[in-house]
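Asker: After the structure tokens below, expect a handful of questions from me.
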Amino acid sequence: MTTPSRPPSTPNGLVVTMWEQYGAGLEEVAQLVAQQLGLPVTGQAFSSEDIEAQAAEDDANHGILDRLAAIVGAGHNVMSVPKSADVTEARDQATMIAQNRELVLGLAARGGVILGHDATKILAGRAHTLHVKLVGPVEDRIAWAATQHGIGLELARMRQEREDRIRPEMSQQFNRWDPRGTDYFDLIVNTTTFGVQGAAALIAQGARMVG
């Protein structure tokens, strides 16, 4: 009697990549998704405070993408980079892109929830991977960010305007894709409609379907 052959084991684990419009609850949703799926979380390469600090040094934002690129190239895989990171260090752009790609591929090999890092583009077409974007009406996102982070509405609005511009610009400059579109995403979730808990449940369900 012939023993049925088993399908080959998957060499790479389940991955969920996530990108957000500012104030859509990315970190909070990601933590809940990771808990439900039993996966680690890799945070964005730079935080709102990092972007803010660089913009304060250069009101015209001249060269801000190059300075922020140093953070991406550093290969940090925590929820925020150390404040001692020298974001003004000049880096070769090709080297930075290669380092970030290597980081993302290494994280994907182990499986996990990856925030930002252009992982959605880098892992496009990869099996056992769900690509998610979190969205919401701009005023709702501003109000949520102000409450969640304990900041005023004025600061939240400034961050929303800055980050909804700069983060896509970095993606376009360094990995030639525009996360504001829909082509690379499998699931787009309005967190104003579903809330953090509901969004996490939808994403976890979708991840189980592709995993």
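The values are calculated or read from the model by the stated rules, or taken from the named source; none is laboratory data. The shown structure was predicted, so the numbers you read here are calculated from the model rather than taken from an experiment. FYI the Cβ positions are ideal-geometry reconstructions off the backbone, even for glycines, and counts take in every protein chain you see. Surface areas here come from the heavy atoms of the whole protein model, side chains and all, with no ligands, DNA or RNA. Shrake-Rupley method; radii C 1.70, N 1.55, O 1.52, S 1.80 Å.
Asker: Mind listing whichever residues of region 92-128 are under 18 Å from Tyr184 (Cβ atoms) and of a type in the set (S, T, N, Q)?
Answerer: Asn100, Thr120
Asker: Quick check on my filter: what residues within region 17-41 are open to solvent by 10 Å² or more (accessible area, probe 1.4 Å), more than 14 Å from Arg159 (Cα to Cα) and not in a loop (DSSP other than H, G, I, E, B)?
Answerer: Trp19, Glu27, Glu28, Gln31, Leu32, Gln35, Gln36, Leu37, Val41
Asker: One residue is enough: does region 91-98 have a residue meeting the conditions open to solvent by 40 Å² or more (accessible area, probe 1.4 Å), among the acidic types (Asp, Glu) and either in a helix (DSSP H, G or I) or touching a Leu at 6+ places or on another chain (Cβ under 6 Å) (or both)?
Answerer: No: region 91-98 contains no residue that is open to solvent by 40 Å² or more (accessible area, probe 1.4 Å), among the acidic types (Asp, Glu) and either in a helix (DSSP H, G or I) or touching a Leu at 6+ places or on another chain (Cβ under 6 Å) (or both).
Asker: Let me ask something additional. Output the helices (runs of 4 or more DSSP H) that fall wholly within region 101-211 and possess 2 or more residues being open to solvent by less than 30 Å² (accessible area, probe 1.4 Å) and without any contact (Cβ under 8 Å) to a residue 12 or more places away in the chain, or say none.
Answerer: In region 101-211, the matching helices (runs of 4 or more DSSP H) lie at 191-210.
Asker: Exactly one condition in (1) in contact with a helix residue (DSSP H, G or I) (Cβ under 8 Å, 6 or more places away or on another chain); (2) of a type in the set (S, T, N, Q); (3) surrounded by fewer than 20 Cβ atoms within 10 Å (Cβ to Cβ) is not met by Gln54; state its number.
Answerer: With respect to (1) in contact with a helix residue (DSSP H, G or I) (Cβ under 8 Å, 6 or more places away or on another chain); (2) of a type in the set (S, T, N, Q); (3) surrounded by fewer than 20 Cβ atoms within 10 Å (Cβ to Cβ), Gln54 is out only on (3).
Asker: Given the structure, is Val189 under 15 Å from Met18 (Cβ atoms) and at pLDDT 95 or above?
Answerer: Judged against the criteria, Val189 is a match.
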